[in-house]
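The values are calculated or read from the model by the stated rules, or taken from the named source; none is laboratory data. Bear in mind that the values here come from a model prediction, so they are computed numbers and not experimental data. Neighbour counts run over all protein chains shown; Cβ positions are idealised from the backbone, glycine included.
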């Protein structure tokens, strides 16, 4: 029996489009990250995509004590104007990097909150998108499993009502949390929320598609009971990724095609990308590798250095003093955080 395409959705996992972490240190940042977004824009247009869904971590760092905060907001705002020409189709949840200073109850006073106010992107928080009897819900990042499940249970009450009334035939949940098949759970992530595919498929069976973010690795498409879990590679590499250490990166998007009988197909699409050794400056990558061996992170906690905003130079002097580093490394830090 022939099917007619009813809705075509692209899922993008953890874009991290903020100018921070390793991102500025590509040999050509716009060619690398911009190339990915140009590809997505062409893909959206060529395939007549109806909706684009971010799984959170739209930004890469959102810390008011870092001097780059306001500058990054302007850069990201301009980035959306330059590279995202499908803003009216774009929806997101909040990832852990999208909140300000770890305040998971405050969404307004953030860079992403400002982008939402400017209508460059639409939040799915408590505002499901319903189109052609397909409902798309958003589950924002939460640090405690109890709070996360409280929000999920609220969403599921609406799912039950919508399906029972016949208003909705298919449900997609976009979320940003640590979710894996139970056999793949890694005990190294003890300090974050753990949920399994099996738990979600058993307890929330009316959710047809789970579009997952937060974990920077690919899990093959998997269906458990009636739920299909979509967990591709993240779009943007950042320095803590396991596969960065092995010089590998395979940015992906998810293509979700829903038909008039409410069956669907899902495909992972790999984007063109710059090889690791051409994407990063050699001195930066070697410095990071060396620091990783000595367990020194550039992604430091500013609270240990200062209780109030200070200038770039003052902050770098404090870091060098506290860690007994060679003062000559100051220029490298400046390059790293420029």
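Specify which of the listed residues (124, 118) is farther than 16 Å from residue 177 by Cα and either crowded, with 18+ Cβ neighbours inside 10 Å or assigned by TED's automatic domain parsing to the domain that holds residue 258 (or both).
Within the list 124, 118, the selection yields 118.
If you scan the stretch 238-266, which residues turn out to be farther than 22 Å from residue 52 by Cβ and either out of contact with any helix residue (DSSP H, G or I) (no Cβ under 8 Å at 6 or more places or on another chain) or at pLDDT 95 or above (or both)?
240, 241, 242, 243, 246, 261
Taking residue 218 as the residue in question, decide whether it is in the same structural domain as residue 95 (by TED's automatic domain parsing) and either over 21 Å from the mean Cα position of the chain (by Cα) or farther than 21 Å from residue 253 by Cβ (or both).
In short, no.
In this structure, is residue 40 crowded, with 17+ Cβ neighbours inside 10 Å and at pLDDT below 90?
For residue 40, the condition - crowded, with 17+ Cβ neighbours inside 10 Å and at pLDDT below 90 - is not met.
Among the residues of the stretch 82-95, write down those that are at pLDDT below 90 and either assigned to a loop (DSSP other than H, G, I, E, B) or out of contact with any helix residue (DSSP H, G or I) (no Cβ under 9 Å at 6 or more places or on another chain) (or both).
Answer for the stretch 82-95, where residues must be at pLDDT below 90 and either assigned to a loop (DSSP other than H, G, I, E, B) or out of contact with any helix residue (DSSP H, G or I) (no Cβ under 9 Å at 6 or more places or on another chain) (or both): there is none.
How many residues does the stretch 134-160 contain that are under 22 Å from residue 6 (Cβ atoms) and surrounded by fewer than 18 Cβ atoms within 10 Å (Cβ to Cβ)?
Residues flagged as under 22 Å from residue 6 (Cβ atoms) and surrounded by fewer than 18 Cβ atoms within 10 Å (Cβ to Cβ) within the stretch 134-160 amount to 1.
Checking residue 152 against (1) within 21 Å of the chain's Cα centre (by Cα); (2) farther than 30 Å from residue 75 by Cβ; (3) at pLDDT below 90, which test does it fail?
Here residue 152 clears every test but (3).
Looking only at residues in the stretch 138-147 that are in contact with a helix residue (DSSP H, G or I) (Cβ under 7 Å, 6 or more places away or on another chain) and without any contact (Cβ under 8 Å) to a residue 60 or more places away in the chain, which one is farthest from residue 96 (Cα to Cα)?
Among residues in the stretch 138-147 that are in contact with a helix residue (DSSP H, G or I) (Cβ under 7 Å, 6 or more places away or on another chain) and without any contact (Cβ under 8 Å) to a residue 60 or more places away in the chain, the one farthest from residue 96 (Cα to Cα) is 139.
May I ask you to say which residue of 112, 152 is touching a strand residue (DSSP E or B) at 6+ places or on another chain (Cβ under 8 Å), assigned by TED's automatic domain parsing to the domain that holds residue 56, in a helix (DSSP H, G or I) and under 29 Å from residue 47 (Cα atoms)?
112
Take the conditions touching a helix residue (DSSP H, G or I) at 6+ places or on another chain (Cβ under 8 Å), crowded, with 21+ Cβ neighbours inside 10 Å and at pLDDT below 90 and apply them to residue 59. Does it pass?
Here the answer is yes, as residue 59 does meet what is asked.
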